[in-house]
Ligand code: NAD
C-alpha cells in the first residue's frame, strides 16, 4: 500500500488574520510610548527566524513610570464596586473570544507552538480565566479569604514564554478582580501577545493605568520586582530566577507567589488502559514541545507492561507531525529560542553520555528555525541528569518500578513538586497515591488538563502560592 495516499495535505492557517506592526512601544497609563532611553529589541518567529517586530526595551525609568501609573489608578479601581470591575473583565473576555483567531495566529508566530494548541487550548483558556474571575469580583467576601477582603495595591507580574497570553491571564484576571492594578513584564522572546492584550484593555475601556505592560529582559524584570512601591510580586519562570526574586523580596512587606519549574512523573500501572495511557503520555510531554512546567517528563512504567507500553508509544510517536506551526495538522512545532534549543540539546547529550538509550521516530526537521525531534530515553536511572533536571523540551525519560511504594518513592525523588499523573483502573489506588505524591496537581487517567476553577501551584522547588480557582484570589487580597 502506498503510504503517501494517506499523507495529510498542507492546511496552513492564514497569516493575514493578524497585522503585526514593525514596532511597538511600552503600554503605560493607557498609552503606548517609546522607552525613556529609546532602546529596542527584536522578537523572532522561532519556526523561521524571521524578525516579526521591534519592541521597546524598558529600563528602571520605564518601570518606575509604569508603577506610578498603576499606583495612581489604584484608588479608583479598588474603590469601584466589584460588580462594575466585573464588567471590564467580562468585556475583556468577550473581546479575547472575538479576536481569538488573530491572537492564536500571533501567539503561534511569536512562540512557535502549533496553531492547533493556541486555537484549541491557549485562547479558550485565556477567555475562560477572565470570565471566571469576572464572576468573583463582586463576591470576594465569600471566597474564603477572610472577612472584609481588600486589594493589596500594585502587583508586579513577571511571566515566561511558554504560554505567553495564558500566563498573562492567570496573573492579570485575579489581580484585577480583587481590585489591584498591574505592571506586567512578558518574556523577552514572546512580547507580542501581551502588547495586543494592551490594545484589548483599551478596546474594553479599562481605566488608564490599571494594566501596564513593560517589555524587556531579566534586568527589566529585576527592576520591577525590586521597585519599592509594589505591594505584590507574582512570578512564573525558572527556579533559579525564582530564588533570586525571593531574596530580593525577603525583608520587605511585598507579598510573593512563585510558580517555578517541575519534573512531573507520569505513573502507569499494569492494569491501566494502555492505549489511553499512551495518549496521556504523548500529551504529557509533547504538548507545547514539552516546554511545560507541569510536563510529564518522567514516565514511570510498571515493569510487567514496559515492553508493551513502549512499543505502543513508539508506534504512536511515529505518527506525530513535526513542522510548520501554522499548519493545522502539525502536532509538534518549533522550540521557542536558540538558547532553549541549546539547553535541550545539551541535556539530551548528557543522557546519552550517562548511558541511557536514545530513540526518536524518523522525522524530517525544517532547515530554518529551532527544532528538536520528539525523543524518548529508556534505561534511565534516577541518578541521570535527564531524570533529575528539568529539560523543558520534547524529551521523555523512562524509568520502571515494580510496586506502588517504589513508584511513589521514585516519583517523589525530585527537588520539584508540581505535577504527577496516575494511570490505573483502581480508584482506591488513585486516592491513596494522590495523597502520597508531593505534587501540587495530580491527574488521574488524564494529563495536562487545565481549568480556571482549579488551583495550580507547587511544593518544594516548584514554588509556593496557588493560581487559579478561589485560591488564586488569596494571593491578591488582604483582610482587615
Ligand atoms: P526565566 O526564569 O528565565 O524567565 C521568566 C521571566 O523572568 C522572563 O520574563 C524573564 O525576562 C524574567 N527574568 C529573568 N531574570 C529575572 C530576574 N533576575 N528578575 C526578574 N525577572 C527576571 O524562565 P524561562 O526560561 O523564560 O521559562 C521557563 C521556566 O519557567 C521553566 O523552568 C518552567 O518550568 C517555568 N514555568 C513554570 C510555570 C509554573 O506555573 N510553575 C509555568 C510556566 C513556566
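FYI, it's all coordinate maths here, none of it is from the lab. Model, not experiment: these values are computed from the prediction. Cβ sites come from the backbone with ideal geometry, for glycine too, and all protein chains shown count toward neighbours.
If R0 is 35 Å, the Cβ-Cβ spacing of residue 357 and residue 120 corresponds to a FRET efficiency of close to 0.55.
Averaging Cα coordinates gives a centre for region 225-291 and one for region 68-95; these two points are 28 Å apart. Our analysis of region 265-444 gives Rg over Rh at 0.95, with the two radii drawn from alpha carbon positions and Rh computed by the Kirkwood formula.
Shape summary: region 404-480 maps onto an equivalent ellipsoid whose semi-axes, from the alpha-carbon gyration tensor, are 26, 15, 10 Å in decreasing order. Of all DSSP beta bridges confined to the chain, the antiparallel ones make up roughly 35%. When 6, 163 are sorted by how many other C-beta atoms sit within 10 angstrom of their C-beta, beginning with the fewest, the order is 6, 163.
Judged by the mean number of other Cβ atoms found within 10 Å, the most tightly packed of the peptides 337-349, 251-263, 293-305 leads the ranking 293-305, 251-263, 337-349.
Against the chain, whose longest principal axis is taken from its Cα atoms, helix 100-111 shows a tilt of about 70°.
With the simple model of a label 7 Å out from the Cα in the direction of the Cβ, residue 244 to residue 338 spans 2.1 nm.
Each of 57, 370 has some number of other Cβ atoms within 10 Å of its Cβ, and from fewest to most they run 57, 370. How would you classify region 182-265 from its alpha-carbon gyration tensor, with a ≥ b ≥ c the square roots of the eigenvalues: rounded for a/c under 1.5, else prolate if a/b is greater than b/c, otherwise oblate? Judged from the Cα gyration tensor, region 182-265 comes out oblate (a/c at least 1.5, b/c at or above a/b).
Panel order for 19, 354, 188, 467, by other beta carbons found within 10 Å of each beta carbon, from fewest to most: 19, 354, 188, 467.
The modelled label-to-label distance between residue 37 and residue 316, using points 7 Å beyond Cα along the C-beta direction, is 4.9 nm. If I take every Cα pair under 8 Å that is 6 or more residues apart in the chain, average their sequence separation and divide by the length, what percent do I get for the relative contact order? That works out to 18 percent.
Rounded to 0.05, the FRET efficiency of the residue 11 and residue 148 pair, given R0 = 45 Å and the Cβ-Cβ distance, is 0.25.
Maximal additional length on extending the residue 87-residue 409 stretch stands at 111.1 nm, based on 0.36 nm per residue less the C-alpha distance. Available extension along the chain between residue 54 and residue 307 is 86.1 nm, counting 0.36 nm per residue and deducting the alpha carbon span. The relative contact order of region 277-410 comes to 32 percent, based on Cα pairs under 8 Å that sit 6 or more residues apart. Which residues does the label zone of residue 217 cover in region 318-351, counting backbone N under 15 Å from a point 7 Å along Cα→Cβ? Answer for region 318-351: 337-340. Under the simplified labelling scheme, the residue 449-residue 21 pair shows an inter-label distance of 4.2 nm, with each label point 7 Å from Cα along Cα→Cβ. Global dimensions of the chain from alpha-carbon coordinates: Rg and Dmax equal 22.2, 73 Å.
Helix 306-317 and the long axis of the chain differ in direction by around 60°, with both axes built from C-alpha atoms.
For the peptides 321-332, 27-38, the ranking by packing is 321-332, 27-38, with the highest mean count of neighbouring Cβ atoms within 10 Å listed first. Note: relative contact order over region 336-480, using C-alpha pairs below 8 Å and six or more positions apart, is 15 percent. Relative to the longest principal axis of the Cα atoms of the chain, the long axis of helix 164-177 lies at roughly 40 degrees.
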